[in-house]
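The structure appears below as structure tokens.
Bear in mind these aren't lab numbers, they're just calculated from the coordinates by the rules spelled out. In this text the structure is predicted, and so the values were computed from the model without any measurement. Note that we place each Cβ from the backbone using ideal geometry, even for glycine, and neighbour counts take in every protein chain shown.
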Amino acid sequence: MLRILKFLGVFLAAFLFIFFIVFGFNMNALFTLMENSEDIQEGQEWVAKTQSLKGLTEYIGQQPERVSIVSIAIENPDSSILYNEHAPRTMGILSNIFTVIEFARQVEAGELDPNEQIALSEVDYFQLPYMDASNHSTAVDQLEEREKISEQNTVALADLVQVSVEYNDLAASDYLFFRFGKEQLDSLMNRLNIEETESPLPFSGMYATMKPGLYDMEAPQRMDSLSAMDRKTFDSLAIATAGKLAENETYREEVFTQFRQDEGLGVPFSMQRDLLDFFPKTTALEMATLMKNIQQEELISVEVSRRIKEIMSWPLKSSRLQSDFSSYGAYYDSRLGLVNGIDFGASTYSNEPFAQAVFFDDLQLAFWFHMSSNLIHQDFEQRLIWDPALREATVNEIRKNQ
């Protein structure tokens, strides 16, 4: 009994910590918590079962509708893991990988100056209140700490790209989306033979499009309205809305005011998770293959691949990862109901190269809080590269349930 109480106490503390990081330290956040009390009990049984990565492998095997894993063993293809590799999964901010690739391509082609100065005020236009706003603030703080912000409050384009990857800065991602443009990104994806991945979209435009109050609708009514849209219509609306936010000050203030008043979308947690279904999707196999091409320095050119690898190698700033990996690069995301990541690397133990994509999608909310607060998906993905026992346990659970 004492052990159970201790576990519940630790889980509650972690849950409250990440809740207040996401939703803020104020009374309204407490009211939000109470209003969603039923939602956040979803999947509690899995929280206790997944205190270890071995327990997580059991979840993976028993919840195939929520998980895709592709771990390509580049030198030993027969030992690769392919699990729901063609299932459509929400990308979240991983869609920004295409703006990173286009940035690297244009720099290496001499079409773009990586030191071009960008006004931070132009980036701020895309940051909706309460929508991962702390990520943008942290990114700007880091730029300040690294002495990357000029006296004119500008930052080099290369540094903006870097923090967009490290800190999941949605505002920076949206700025980069419009900097390169949908047509250019679509052209890039065609060049890369991307077939199972939908085109990236600006996050500010998607979230504003989903906001019921901006359309004088209740949340279920707006959900139905979005569901009736075809993909092309939704994409066009999201892009037009984000563009209007950047260009029309009156409209921007109207939208920002509503997001401040509702402290975000103003919908229940479960619906906020379900709205991720409207985000662009990909497959684990296509993203892992992209990582493999980068790892092998075969994406567009050696120079482009190396520049992307340098941008994605930010996790190696951690001394812990330096002891486990001879090389490593990654891009992760976590938003309500979703945790995912793409990475490549080789361990210091075997030096065997891997390329991976791991998606946990449409998660039960209690389980998501548990996964997100403990960065479990990152630990799992990293250890798939250097821990043969975890790879074996994962394969065994998948086979057992198939």
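Observations on the structure shown:
- Annotation for Asn190 and Asp224: the two label points, set 7 Å from Cα along the Cα-Cβ direction, are 3.9 nm apart.
- Averaging the sequence gap over all C-alpha pairs within less than 8 Å and six or more residues apart, then dividing by the number of residues, gives the chain a relative contact order of 25 percent.
- If R0 is 35 Å, the Cβ-Cβ spacing of Glu111 and Tyr215 corresponds to a FRET efficiency of close to 0.35.
- Taken about its Cα centre, the stretch 95-278 carries a charge dipole of roughly 360 debye when the Cβ of each Lys and Arg holds +1 and the Cβ of each Asp and Glu holds -1.
- Restricting the stretch 284-387 to chymotrypsin sites (Phe, Trp or Tyr not before Pro) in coil, as DSSP defines it, with at most 15 other Cβ within 10 Å: Tyr349
- The chain, Rg to Rh (Cα coordinates; Rh as Kirkwood inverse mean 1/r): 0.95
- Segment Gln44-Glu247, length gained on full extension (0.36 nm per residue, minus Cα span): 68.6 nm
- Calculated FRET efficiency, Ser319 to Glu151, Cβ-Cβ distance, R0 = 35 Å: about 0.55 to the nearest 0.05.
- Where GluC sites (Glu not before Pro) fall in DSSP loop in the stretch 57-149, at most 16 other Cβ within 10 Å: Glu75, Glu111, Glu116, Glu147
- Rounded to whole Å, sorted largest first: equivalent-ellipsoid semi-axes of the stretch 95-278, Cα gyration tensor: 28, 21, 13
- The lysines within cross-link reach of Lys309, meaning a Cα-to-Cα straight distance under 18 Å and a gap of 8 or more places when in the same chain, are Lys292, Lys317.
- Equivalent ellipsoid of the stretch 317-400: semi-axes from √(5λ) of the C-alpha gyration tensor, largest first, are 23, 16, 10 Å.
- Lys232 paired with Arg306, simple spin-label distance in nm, labels 7 Å along Cα-to-beta-carbon: 4.3 nm
- Entries in Lys49/Lys400; Lys211/Lys232; Lys281/Lys400; Lys211/Lys244; Lys54/Lys400; Lys211/Lys281 that, when Cα-Cα distance is taken, lie over 25 Å: Lys281/Lys400
- Over the chain, dividing the summed -39,500 (n - 2.57) contributions of all DSSP H runs of at least 4 residues by the number of residues returns a 222 nm mean residue ellipticity of -17000 deg cm²/dmol.
- Only aspartates and glutamates eight or more places from Lys182 in sequence, or on another chain, were considered; those with a Cα closer than 14 Å are Glu102, Asp174, Glu198, Asp235.
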